[in-house]
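Participant: Can you read through this structure? Questions will come right after.
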Amino acid sequence: MKILMTLARIIDTTNEWIGRGVAWVSLGLVLVVFTDVVMRYLFNISFVFTQELEWHLFAFIFLIGAGYTLLQDGHVRVDIIYQRLTAKGRAWINLIGVLFFLFPGCIMIILTSWNFAENSYAMMEGSPDPGGIPYRYVVKGLIPFGFSLLCLQGLSLGIHSLLQLLGIESVKEEGA
């Protein structure tokens with residue numbers, strides 16, 4: 001059990017650090033969007049590169065930050081039922097959700113997106129628009145990587161849930 005606890009702690013720490021880095025990328029996205037809006041409305045100038053950079057940064061934030069969001073319990077769920085359950089009931093829901101929904105979904109996306117990203121890299125795919133970002137394969141490579149981080153965080157959630165069900169680990173209090 002100590003090995004499982006250590007593994008969960010390593011995954012949690014990794015996604016915590018990644019989430020902090022993603023927060024800085026979010027600030028970068030705000031600055032890029034602000035610059036784009038100012039350039040467009042004050043100077044009547046728009047660059048394809050800036051517009052593509054906006055969605056590249058958004059994709060990075062969404063894909064790489066998904067594991068951190070799960071760590072922080074920020075994913076959407078049907079709270080009408082979940083919030084009324086006991087701690088053990090919530091642990092069961094989390095464990096079943098991870099095993100039957102999160103893992104299969106992540107694995108399917110990782111497997112199907114791997115060739116997609118690999119082909120994009122092999123041809124050094126870039127933007128089809130003049131002045132666009134020449135490294136589109138990087139964003140496509142974030143798909144399997146981001147879902148791998150999410151899958152790892154699901155593993156950690158499953159471990160924590162199992163340990164709670166076995167009475168080895170106490171439930172984290174909300175806000176703690």
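Read-outs: derived from the displayed coordinates by stated rules, not from any lab. Quick caveat, the model's predicted, so the values are computed rather than measured.
Participant: Before rounding to the nearest 500, sum -39500 (n - 2.57) across all DSSP H runs of length at least 4 in the chain and divide by the residue total; then give [θ] at 222 nm in deg cm²/dmol.
Facilitator: -26000 deg cm²/dmol
Participant: Here is a further query. Please state the relative contact order of region 27-176 as a whole percent: Cα pairs under 8 Å, 6+ residues apart?
Facilitator: The value is 32 percent.
Participant: Using a Gaussian network model of the chain whose springs link C-alpha atoms within less than 10 Å, name the residue from His56, His75, His160 with the highest mean-square fluctuation.
Facilitator: His75
Participant: Under a GNM of the chain (C-alpha, springs under 10 Å), which listed residue has the highest mean-square fluctuation: Leu155, Leu42, Leu163?
Facilitator: Leu42
Participant: Any chance you could list P(r) for region 2-165, counting all Cα-Cα pairs in 10 angstrom bins from zero, rounded to whole %?
Facilitator: 10, 30, 30, 19, 9, 2, 0
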